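*Asks:* Pasting a structure below so you can have a look.
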Amino acid sequence: MRNDIFPNRVSLILIGTLSLLTLGTVSAEGTMLKTDDMVGVSFWLATAMMLASTVFFILERNNVAAKWKTSMTVAALVTGVAWYHYTYMREHWAASYAAGAGESPLVLRYIDWLITVPLQVSEFYLILAAVGVATAALFWRLLAASLIMLITGFLAESGQMADSLTWPLFIVGMLAWIYIMYEIWAGEAKEKVGQTSEGTQFAFKAMALILTVGWAIYPIGFVLGQGDGGTDGLNILYNIADVVNKTAFGLMVWYAATMDTKASAASEE
Ligand SMILES: *C/C=C(C)/C=C/C=C(C)/C=C/C1=C(C)CCCC1(C)C
């Protein structure tokens, strides 16, 4: 039996409060989007997708089985934190474009990743826990590797280090990412996942795919950004990557949760 009237109301109050708190940032009063600014368009699209995803994940949390609720919460936090930063990144880009500079919102982006990537690692941990292979040590290894990836990336992109260090730093970041993929593809999870529910198997496949294909868009964006005039390509790719990794991955988790919830409801009947 569904008895979710109360949680629904709590979710609505939460969304309402969130909207009020952030109203000042969502209305970009400073700079309007220019018609020929395609990078700006991608910033606008990503911002709207992050907001819509956040509302969707919070509301849908009420419709999934209890064991999936935390995953839905984490999915909403990832897009919610990204939405908050996108409202500023979008403004940063538009203002800089209007001034003829077209400068990347580099610091804001890395601050966002510094929060959303560990949140995503927690999401991976929840999926691995459902497969029955998660340990605290694995969580810390994944977290450490993702932080190494982000810190080296930031040092390489921000130009705070000597130019000759850009590619060595990038390679260290790549190694950290490869290590994360190794943990997922070659760890014991692959053997155990076959014995879990269909929903969990789907979530595991989605995670492996996101980590490998979705995350690969970032280093490609990085390489593009190193070329002359690569700033546009870098920002468009990073924006697409964020929508894929945050919104689409959240949707896959939601789909897995829904599949599982329906299956267990059917077996109870
Ligand atoms: C929501 C934001 C996410 C999932 C951000 C992910 C970022 C990456 C996977 C970045 C990867 C990079 C490397 C693998 C090498 C160094 C350069 C980076 C930081 C762009």
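*Asks:* Apply the Karplus parameterisation 6.51 cos²θ - 1.76 cosθ + 1.60, with θ equal to phi minus 60°, to every residue of the range 151-164 and state each ³J(HN,Hα) to the nearest whole Hz, in sequence, with x for glycine and proline.
*Replies:* These are the phi-based 3J(HN,Hα) values: 5, 5, x, 5, 4, 6, 7, 7, x, 7, 9, 4, 4, 5 Hz.
*Asks:* Right, next: Can you figure out the FRET efficiency of Leu33 with Thr212, using R₀ = 30 Å and their beta-carbon distance, to the nearest 0.05?
*Replies:* The value I calculate is 0.35.
*Asks:* Taking the 0 to 90 degree range and rounding to the nearest ten, how far is the long axis of helix 106-131 tilted relative to the main principal axis of the chain, both from C-alpha atoms?
*Replies:* Tilt relative to the chain: about 20 degrees.
*Asks:* Continuing with the same structure: Taking θ as phi - 60°, what are the ³J(HN,Hα) couplings along the range 142-147 by the Karplus curve (6.51, -1.76, 1.60), each to the nearest whole Hz, with x for Gly and Pro?
*Replies:* Listing the rounded values in order: 5, 5, 4, 5, 5, 5 Hz.
*Asks:* Another question, then. With +1 on each Lys and Arg Cβ and -1 on each Asp and Glu Cβ, and nothing else charged, work out how big the dipole of the chain is about its Cα centre, in Debye to the nearest 20.
*Replies:* My answer is approximately 660 debye.
*Asks:* With a 1.4 Å probe and every protein chain left in place, work out the accessible area per residue of the chain in Å², rounded to a whole number.
*Replies:* Each residue of the chain exposes 50 Å² on average to a 1.4 Å probe.
*Asks:* Continuing with the same structure: List, in the order given, every pair from Lys34/Lys246; Lys69/Lys246; Lys67/Lys192 whose Cα-Cα distance in the structure shown is over 22 Å.
*Replies:* Lys34/Lys246
*Asks:* Next question. Sticking with the crude label model, points 7 Å out along Cα→Cβ, report the distance from Gln160 to Val41 in nm, one decimal please.
*Replies:* About 3.5 nm, to one decimal.
*Asks:* Considering the alpha-carbon set of the range 2-268 alone, what are its Rg and its Dmax in angstrom?
*Replies:* According to the Cα coordinates of the range 2-268, Rg and Dmax are 19.5, 63 Å.
*Asks:* Which distance in nm do the two modelled labels at Ala95 and Thr258 give, with both placed 7 Å along the Cα-to-Cβ direction?
*Replies:* 4.0
*Asks:* Can I ask one more? Given a 10 angstrom Cα cut-off, can you work out which residue in Met259, Met207, Met32 is the most mobile in a GNM of the chain?
*Replies:* Met32
*Asks:* Stretched out fully, how many nm does the piece from Ser267 to Ala248 gain, at 0.36 nm a residue minus the Cα gap?
*Replies:* 4.0 nm
*Asks:* How much length is gained on full extension from Tyr179 to Ala137, taking 0.36 nm per residue of separation minus their Cα-Cα distance?
*Replies:* That pair, Tyr179 and Ala137, stretches by 13.7 nm at full extension.
*Asks:* Under a GNM of the chain (C-alpha, springs under 10 Å), which listed residue has the highest mean-square fluctuation: Ser158, Ser197, Ser42?
*Replies:* Looking only at Ser158, Ser197, Ser42, the largest GNM fluctuation is found for Ser158.
*Asks:* Please list Arg141, Arg109, Arg9 in order of solvent-accessible area, largest first, computed with a 1.4 Å probe with all protein chains present.
*Replies:* Arg9, Arg141, Arg109
*Asks:* Please report the carbon-and-sulfur percent of the accessible area for the range 2-268; probe 1.4 Å, protein heavy atoms only, DNA, RNA and ligands left out. Numbers along the way, then the final one.
*Replies:* Details: 9030 of 13030 Å².
Here carbon and sulfur together make up 69 percent of the probe-accessible area.
*Asks:* Which aspartates and glutamates have a Cα lying under 18 Å from the Cα of Lys262, excluding residues fewer than 8 positions away in the same chain?
*Replies:* Those aspartates and glutamates meeting the cut-off are Asp4, Glu60, Glu198.
*Asks:* Continuing with this model, one more query. Provide the per-residue ³J(HN,Hα) series for the range 262-269, in order, calculated from phi with Karplus coefficients 6.51, -1.76, 1.60 and θ = phi - 60°, each as a whole number of Hz, with x at glycine and proline positions.
*Replies:* These are the phi-based 3J(HN,Hα) values: 5, 4, 6, 5, 5, 6, 7, 6 Hz.
*Asks:* Still on this model: How much net charge surrounds Trp83 when only the other residues with a Cβ under 11 Å from the Cβ of Trp83 are counted, with Lys and Arg +1 and Asp and Glu -1?
*Replies:* With Lys, Arg at +1 and Asp, Glu at -1, the neighbours total 0.
*Asks:* Going toward the positive end of the dipole of the range 2-268, with +1 on Lys and Arg Cβ and -1 on Asp and Glu Cβ, which of Gly230, Leu126, Trp93 do you reach last?
*Replies:* Leu126
*Asks:* What is the range 110-269 by shape, rounded, prolate or oblate, if you read a ≥ b ≥ c off the alpha carbon gyration tensor as root eigenvalues and call it rounded for a/c under 1.5, prolate for a/b larger than b/c, and oblate otherwise? Could the numbers behind the result be given before it?
*Replies:* Numbers: a/c = 2.92, a/b = 1.93, b/c = 1.51.
It is prolate, given that a/c is not under 1.5 and a/b is the larger ratio.
The values are calculated or read from the model by the stated rules, or taken from the named source; none is laboratory data. Predicted, not measured: the structure shown is a model, and the values here were computed from it. Here the Cβ is made from the backbone with ideal geometry for all residues, glycine too, and neighbour counts use every protein chain on show. Side chains included, ligands, DNA and RNA excluded: accessible areas come from the protein's heavy atoms. Shrake-Rupley method; radii C 1.70, N 1.55, O 1.52, S 1.80 Å.
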